[in-house]
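Chemist: Have a look at the structure that comes next, please.
The values are calculated or read from the model by the stated rules, or taken from the named source; none is laboratory data. From a predicted model like this one, the values you see are computed outputs, not experimental measurements. A quick note on method: Cβ atoms are made from the backbone with ideal geometry, for glycine too, and the neighbour counts reach across all protein chains shown.
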Amino acid sequence: MDEQRPNVRLRGTCGASPETVYDLLADLRTHVDWGGARQLPVFRLTGLSAPEGPATVGTVFESTGAIPMSRRRFEDRSTVTVATRPSTFEFVTEARARGAGREMAARLVHRYEIAPVSTGSRVTYTLTQEEVAQPMLRFAIPGIRAVTWSMAGFMFGQGFRNLLALAAARAARATTQARARA
């Protein structure tokens, strides 16, 4: 982890085509399922406001959610910055966490890179903190910051695995439906 730009990088494969994975990411309303309802209650999206249809460069959406070990809640505004079907989906989040008399603000980049493999797709998710202002104590002290970012990898990992599982389930359902029509 780069101390100047903390990040989390997760990699995984699933039995869905890159198009299926990408379409799930570009349908922003699904994020509240795989990153919300299917997540642990202590760290998840609790609400999301997004336009219908696939997101394109410039699409703006807002989300709220729970932060582990904190009474604070995050309130985010995100903008899609890369939407190259089926290989890359990226958005930048202006994050706010209110509580304890101060507001933490951060700029985060979420990037998904999707590549075909013989069994479906290989997906790499990278979360990078570009900026932070008035960080919570756990993000302000260098040693604790490293542990916190390691824990973030664990927390984001569940949502990432949920995304891959949902994509695989959609691909399997589509295959079953195609066979039934044949």
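Chemist: Just need a number here: residues in the stretch 108-125 that are polar (S, T, N, Q) and at pLDDT below 95. Full working, then the answer.
Modeler: Taking the stretch 108-125 as the starting set, the residues that turn out to be polar (S, T, N, Q) are 118-119, 121, 124.
So of that shortlist, the ones also at pLDDT below 95 come out as 119.
Total meeting the criteria: 1.
Chemist: Right, another one. Does any residue of the stretch 147-162 turn out to be under 19 Å from residue 36 (Cα atoms), modelled with pLDDT of 85 or more and not in a helix (DSSP H, G or I)?
Modeler: no
Chemist: Just a yes or no: is a residue in the stretch 43-66 within 24 Å of residue 13 (Cβ to Cβ), among the hydroxyl-bearing types (Ser, Thr, Tyr) and at pLDDT 95 or above?
Modeler: no
Chemist: Ok, one more. Testing residue 38 on (1) more than 16 Å from residue 127 (Cβ to Cβ); (2) at pLDDT below 90; (3) basic (Lys, Arg), one condition comes back false. Which one is that?
Modeler: All conditions are met except number (2).
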